[in-house]
1. If the requirement is being open to solvent by less than 60 Å² (accessible area, probe 1.4 Å) and either closer than 15 Å to Trp100 by Cα or touching a residue at least 40 places away in the same chain (Cβ under 8 Å) (or both), which of these qualifies: Leu11, Leu18?
2. From the residues in the stretch 61-71 that are in a strand (DSSP E or B) and open to solvent by less than 40 Å² (accessible area, probe 1.4 Å), which one is farthest from Leu4 (Cα to Cα)?
3. For the list (1) modelled with pLDDT under 95; (2) under 10 Å from the mean Cα position of the chain (by Cα), I need the number of the one condition that Val102 fails.
4. Kindly indicate the residue of the stretch 34-54 that is open to solvent by less than 30 Å² (accessible area, probe 1.4 Å) and out of contact with any Phe, Trp or Tyr (no Cβ under 7 Å at 6 or more places or on another chain) and also nearest to Ser71 (Cα to Cα) among those meeting that condition.
5. When you go through Val12, Val93, Val2, Val64 one by one, which is the residue that is at pLDDT below 95 and of a type in the set (Val, Ile, Thr)?
6. Given the residues Leu86, Leu81, Leu50, which is the only one that is in a strand (DSSP E or B), of a type in the set (A, V, I, L, M) and under 22 Å from Gly15 (Cα atoms)?
7. Does Val93 satisfy the condition of being touching a strand residue (DSSP E or B) at 6+ places or on another chain (Cβ under 7 Å), in a strand (DSSP E or B), of a type in the set (A, V, I, L, M, F, W, C) and open to solvent by less than 70 Å² (accessible area, probe 1.4 Å)?
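The values are calculated or read from the model by the stated rules, or taken from the named source; none is laboratory data. Computed from a prediction, not measured in an experiment: that's the story for all the values here. A quick note on method: Cβ atoms are made from the backbone with ideal geometry, for glycine too, and the neighbour counts reach across all protein chains shown. Surface accessibility is based on the protein's heavy atoms, side chains included, excluding ligands, DNA and RNA. Shrake-Rupley method; radii C 1.70, N 1.55, O 1.52, S 1.80 Å.
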Amino acid sequence: QVRLVESGGGLVQAGGSLRLSCAASGRSFSSAIMGWFRQAPGKEREFVALINWSGGNTYYAASVKGRFTISRDNAKNTVYLQMNSLKPEDTAVYFCAADWGVLPRVTEKEYDLWGQGTQVTVSS
């Protein structure tokens, strides 16, 4: 079964950090574009960051650029999202996604496979 499983969410104070992980299984993800999205209560799911297969290309939403870093370890089939200087407005369920197409991949509909999400709550 091909699946993505996120972990690492939790409750953190504003200014703090969290690292999310997304473990992929069931097939090789080394050629996939991997993305992170988030969805806050009452809002649509929005793009956060993406990374290409080699890790040589990354792209971030303006709201997180300079604070979040996406990376991947293809040997471990895992993608990470390091989140620093967290703000209350970063509170959301964070999802990872995979697609085997070509860049760019910044919209929800472009991704083929999704994880179940992990909750991130930033208190003020």
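1. Sole residue among the options that is open to solvent by less than 60 Å² (accessible area, probe 1.4 Å) and either closer than 15 Å to Trp100 by Cα or touching a residue at least 40 places away in the same chain (Cβ under 8 Å) (or both): Leu18.
2. Residue satisfying both the conditions and the ranking: Phe68.
3. Answer for Val102: the failing condition is (2).
4. So, considering only residues that are open to solvent by less than 30 Å² (accessible area, probe 1.4 Å) and out of contact with any Phe, Trp or Tyr (no Cβ under 7 Å at 6 or more places or on another chain), the one nearest to Ser71 (Cα to Cα) is Ile51.
5. The conditions single out Val2.
6. Result of the check over Leu86, Leu81, Leu50: Leu81.
7. Yes, satisfied.
Condition check ((1) over 18 Å from Leu4 (Cα atoms); (2) touching a residue at least 40 places away in the same chain (Cβ under 8 Å); (3) surrounded by fewer than 17 Cβ atoms within 10 Å (Cβ to Cβ)) across all residues:
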| position | (1), (2), (3) |
| --- | --- |
| Ser28 | no, yes, yes |
| Tyr59 | yes, yes, no |
| Ala75 | no, no, yes |
| Met83 | yes, yes, no |
| Glu108 | no, yes, yes |
| Val120 | no, yes, no |
